[in-house]
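Working notes for the structure below.
The values are calculated or read from the model by the stated rules, or taken from the named source; none is laboratory data. Being a predicted model, the structure only gives us computed values, none of them experimental. Cβ placement follows ideal geometry from the backbone for every residue including glycine, while neighbour counts extend to all protein chains displayed. Please note that ligands, DNA and RNA were not included when accessible areas were found on the heavy atoms of the full protein model with its side chains. Shrake-Rupley method; radii C 1.70, N 1.55, O 1.52, S 1.80 Å.
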Amino acid sequence: MEFLHNAMEIEIYTRRKCKRFPKTERFTTSAKLIELAIPGKLDHYVKDVLRQPFYGRYMDDFYLIHQDKEYLAAIRDQIRDKCAEVGLRLSDRKTHIVKLTHGFNFLKVHTYVTETGHIIKKLHPRSVTRQRRKMKKLRLLLDTGQVQPADVINSWQSWDSHAARFDAWHARKNMAELFAQLFPELESSRRERSK
């Protein structure tokens with residue numbers, strides 16, 4: 001199967017001015033709400049007019065799955081035209097047609113299908129790096145008394161629970177080892193709460 005992964009860069013006010021909110025700045029809360037509501041027209045176009053059953057969108061990321069690569073290329077052009085009608089623009093840098101076995105990134109999760117048909121979801125590498133940096137910073141904050149030990153354990157548990165949803169056994173194991181190395185005095189509390 002082929003996969004079309006689109007990430008839209010929303011450019012509403014460059015092509016069409018919003019009559020209802022003419023002075024709205026691009027990065028204000030109301031502008032963001034408008035930018036997220038407008039792709040609903042695109043959803044209806046893809047689902048109702050193009051009748052694509054394997055389409056999904058969250059915020060400004062969307063995907064479309066179909067077995068024919070040429071068909072996806074044609075659909076991509078139609079979607080690009082529809083986006084232009086509503087004042088949106090597809091990012092050429094982020095829009096790809098790829099095989100499902102090669103994988104794709106959607107919502108910071110790398111997803112791919114194995115040859116046997118299993119769906120594998122991997123954590124984004126930046127998420128692991130960000131958590132490692134956060135744990136090292138928490139060590140410094142704990143030493144200066146700016147955070148409590150319970151806050152450190154809660155932060156760890158939050159990330160570990162998130163990582164448990166993915167195929168991230170090695171990342172979780174390595175992060176637990178880093179926790180034990182940075183916070184030896186909290187390791188027993190972490191293990192008790194992880195049970």
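Quick one: how many residues across the range 71-123 are part of a helix (DSSP H, G or I) and among the hydrophobic types (A, V, I, L, M, F, W, C)? Spell out the reasoning first.
Our first condition is that a residue be part of a helix (DSSP H, G or I); within the range 71-123, this holds for 71-86.
Imposing the further condition that a residue be among the hydrophobic types (A, V, I, L, M, F, W, C) reduces the set to 72-75, 79, 83-84, 86.
Number of matching residues: 8.
Would you be able to tell me the number of residues in the range 148-162 that are open to solvent by 40 Å² or more (accessible area, probe 1.4 Å) and either hydrophobic (A, V, I, L, M, F, W, C) or closer than 13 Å to Arg132 by Cα (or both)?
Let us first name the residues in the range 148-162 that are open to solvent by 40 Å² or more (accessible area, probe 1.4 Å), namely 148-151, 154, 157-158, 161-162.
Adding the requirement that they be either hydrophobic (A, V, I, L, M, F, W, C) or closer than 13 Å to Arg132 by Cα (or both) leaves 150.
Going through the range 148-162 one residue at a time, the tally reaches 1.
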Review point. Which residue out of His118, His124 is surrounded by 13 or more Cβ atoms within 10 Å (Cβ to Cβ) and at pLDDT below 90?
Key: His124
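Could you identify the single residue in Gln181, Gln131 that is open to solvent by 80 Å² or more (accessible area, probe 1.4 Å) and not charged (D, E, K, R)? Walk me through how you get there before you give the answer.
On the way: Gln131 fails: open to solvent by 80 Å² or more (accessible area, probe 1.4 Å).
Of Gln181, Gln131, the one residue that is open to solvent by 80 Å² or more (accessible area, probe 1.4 Å) and not charged (D, E, K, R) is Gln181.
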Point to revise | Any pair with Cβ under 6 angstrom, 6 or more apart, that starts in the range 147-164 at a residue that is outside any helix (DSSP H, G or I) and ends at one that is modelled with pLDDT of 90 or more and open to solvent by 40 Å² or more (accessible area, probe 1.4 Å) | key: Val147/Leu141
Practice item. Please determine, by comparing only the residues of the range 57-92 that are of a type in the set (Phe, Trp, Tyr) and closer than 23 Å to Val109 by Cβ, which one is nearest to the chain's Cα centre (by Cα). Key: Tyr58
